[in-house]
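The values are calculated or read from the model by the stated rules, or taken from the named source; none is laboratory data. Just so it is clear, the structure is predicted and the values come from calculations on it, not from any experiment. Ideal geometry is used to build each Cβ from the backbone, glycine not excepted, and the neighbour counts take in all protein chains shown. Note: areas computed on protein heavy atoms with side chains; ligands, DNA, RNA excluded. Shrake-Rupley method; radii C 1.70, N 1.55, O 1.52, S 1.80 Å.
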Amino acid sequence: MRTDEENRNFGTTNYPELGIGPISAEPYYSAEYFEREKSSIFSKVWLNVCREEELPQANDFVTFYVPSNKASVLIVRGDDGKVRAFYNLCSHRGNKVVWESKGSSKAFACRYHGWAYRSDGTLASVPDAGGFFELDRGQLGLTPIRADIWGGFVFINFDAAGAESLSDYLAEVGDQLKGFPFAKYSAWSRFTAELRVNWKTAIDAFQETYHVRFLHKRSLGDSLTGPENPFCHCGWAQVYDRHRTMSVYGNPKYCPTPTEALAYQFGPSATKGNIGQEQAGINPGRLPAWAFDAHHIFPNCVMGISAETYFTHQFWPIAVDRTAWVVTNYHAPAMNAGQMFNQQYSDTQLRDILLEDAITLEHAQEAIGSGGKRSFMLHDQELLIRHMYNVVEGYVRKGGNSARPRLLHKQ
Amino acid sequence: MSETEQIEELPENFKELERFVSAWSLASEQERNRKRRSSSMHEIRRFYDAMLQRMPEVSKHLNGFNLQELPQRECRLLNLAFSFMEIASAVEVYSSPDVPDAIEAERLTILTP
């Protein structure tokens with residue numbers, strides 16, 4: 001039997017500045033707080049938007065809507081191979097220039113009055129141009145949004161005056177992930193939904209495994225808990241300046257269902273402990289019973305990385321209690337039908353499990369919104385939530401980050 | 001139209017699975033999920049039992065083909081097997097067509113490239 005002290009050895013007390021007391025509930029339901037998050041976080045920091053492989057060739061593009069910034073965004077690879085981001089907004093009178101969600105085009109012509117732009121954002125042509133006064137074509141390209149790529153992930157930053165580079169922003173979490181061959185897993189499957197939750201209510205659920213035994217009792221209870229770890233304690237975690245990582249326990253004695261066993265014959269699984277991996281970028285604590293790592297790339301992305309596969313969540317805040325959710329499961333391109341079965345099983349399993357999370361989060365948000373609780377309790381194992389709470393507070397209250405980095409804990 | 005004409009053909013060794021083709025051989029993940037949710041456990045169980053024992057041979061057979069050049073019959077069989085992957089958890093994990101205590105899957109948009 002573990003003592004209480006052993007059960008509280010996750011590392012919270014290594015961070016006296018994060019405290020051990022309850023955290024305020026206000027950030028989870030206050031509309032005013034949400035407005036401040038939009039201006040101090042979502043308009044200031046790097047946001048994970050897509051994979052580079054979604055635009056492999058010159059002139060390939062994707063568009064999407066970022067509700068927190070009310071911005072339709074165009075990401076396009078230029079003739080020079082460089083990936084750029086723009087407000088998807090005509091310089092003439094503001095129409096959305098590209099209506100398709102993805103495609104390939106050398107130029108983008110606005111459907112309203114025919115203004116056309118090249119894939120590097122510059123203005124290509126203006127119909128009946130002679131009628132305009134002082135038409136400075138050099139100044140009338142699409143408005144750029146800062147964009148950069150790390151490990152094949154495209155990030156954007158709405159702060160045109162921002163000075164921090166993407167690699168500085170990712171810093172230690174970038175080092176942590178270095179070497180994981182993301183580009184190898186270029187086949188993907190995705191689902192999207194709009195959840196009636198605060199974005200942090202959603203992300204918090206993916207920063208702790210305390211809930212596994214209860215919420216996922218049907219689906220994950222046996223694979224991520226076991227007699228030696230009944231509450232799915234994480235064996236390793238690290239908090240960084242703004243980001244966080246934890247390694248999730250996998251029960252080595254888990255007995256897969258018949259179909260899982262069949263699917264595993266042909267490829268990896270995110271829930272079966274892939275024991276003792278020595279691969280770069282995963283299982284940093286070299287835990288013997290390990291299922292996957294969960295990384296929170298602040299503010300909008302959670303990555304779950306296992307051996308030979310990974311998935312991402314993106315959370316796009318719409319309102320204090322509404323969030324757009326994008327989940328993408330990545331695989332190595334299937335070479336045969338068996339590998340496709342493995343991937344189809346993995347997609348279905350991930351979707352089923354996340355649906356269990358989603359309903360709980362919506363119920364939680366509905367209850368939180370009453371304001372009936374002013375504060376929440378956090379377990380030692382919920383250190384990552386405590387850390388994110390402090391990071392968010394740092395941005396909202398002080399306009400910057402107050403949480404402090406570095407080492408946490410190795411078991 | 002006679003019943004035989006409605007049945008779509010599968011490769012030679014998998015004739016006994018042809019009775020499931022019209023209902024379960026569906027081309028997209030969204031359609032397969034919709035079919036799972038609109039089916040009874042009885043219907044899912046019949047499909048599951050029939051498929052589970054044949055899956056090793058289905059895999060073996062289809063693994064012999066280039067995925068880019070799958071003949072029609074093999075393609076039908078592949079989609080049937082994908083549906084099996086979709087419904088397996090209904091039988092093995094949830095004992096229910098849909099995930100219990102979860103948001104309605106209808107709220108998801110499932111996209112594959």
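Before moving on, here are some points about what is shown:
- Calculated diffusion of the stretch A:185-270, Stokes-Einstein form, Kirkwood radius summed over Cα pairs, 20 °C and 1.002 mPa s, µm²/s: 140 µm²/s
- Per-residue [θ]222 nm for chain A (sum of -39500 (n - 2.57) over DSSP H runs n ≥ 4, rounded to 500): -6500 deg cm²/dmol
- Taking all protein chains together and a 1.4 Å probe, the residues A:Ser370, A:Ser247, A:Ser43 rank A:Ser370, A:Ser43, A:Ser247 from largest to smallest accessible area.
- The angle separating the long axis of helix A:337-368 from the principal Cα axis of greatest extent in chain A is about 90 degrees.
- To the nearest ten degrees, helix B:72-89 and the longest principal axis of the Cα atoms of chain B are 30 degrees apart.
- On the basis of the beta-carbon distance and an R0 of 25 Å, B:Glu92 and A:Phe231 show a calculated FRET efficiency of 0.55.
- Angle of helix A:166-177 to the longest C-alpha principal axis of chain A, folded into 0 to 90 degrees and rounded to 10: 30°.
- Near-label residues of the stretch A:69-92 by backbone N, under 17 Å of a point 7 Å along Cα→Cβ of A:His113: A:89-92
- 30 Å Cα-Cα threshold exceeded, pairs from A:Lys82/A:Lys178; A:Lys44/A:Lys102; A:Lys38/A:Lys184: A:Lys38/A:Lys184
- Extent along principal axes [Cα atoms of the protein assembly as shown; Å; largest to smallest]: 74, 71, 45
- Selection of trypsin sites (Lys or Arg not before Pro), the stretch A:139-244, meeting DSSP coil and at most 14 other Cβ within 10 Å: A:Lys178, A:Lys217
- Sites B:Leu70 and A:Phe133 - FRET efficiency at Förster radius 56 Å, r taken between beta-carbons, to 0.05: 0.40
- Among A:117-123, A:224-230, B:26-32, the peptide with the highest mean count of other Cβ atoms within 10 Å heads the list, and the full ranking is A:117-123, B:26-32, A:224-230.
- Fraction of accessible area attributable to carbon and sulfur, chain A (%, probe 1.4 Å): 53 percent
- Among the GluC sites (Glu not before Pro) in the stretch A:147-212, those placed in a DSSP loop whose Cβ has at most 15 other Cβ atoms within 10 Å are A:Glu164.
- Solvent exposure of B:Ser38, expressed as accessible area, is near 90 Å², computed with a probe of 1.4 Å over the protein chains only.
- Note on A:Lys253: lysines with a C-alpha under 25 Å away, same-chain residues under 8 apart excluded, are A:Lys217, A:Lys272, A:Lys410.
- For the set A:Met335, A:Met340, solvent exposure ranked by accessible area (probe 1.4 Å, protein chains only) runs largest to smallest as A:Met335, A:Met340.
- The accessible-area ordering, largest first, of the residues A:Tyr65, A:Tyr389, B:Tyr48 stands as A:Tyr65, A:Tyr389, B:Tyr48, per a 1.4 angstrom probe.
- When cysteine pairs in chain A are screened for C-beta atoms closer than 4.7 angstrom, the residues that find no partner are A:Cys50, A:Cys232, A:Cys234, A:Cys255, A:Cys301.
- Here the translational diffusion coefficient of chain B follows from Stokes-Einstein with Rh set to the Kirkwood radius across Cα pairs; for 10 °C and 1.306 mPa s it amounts to 107 µm²/s.
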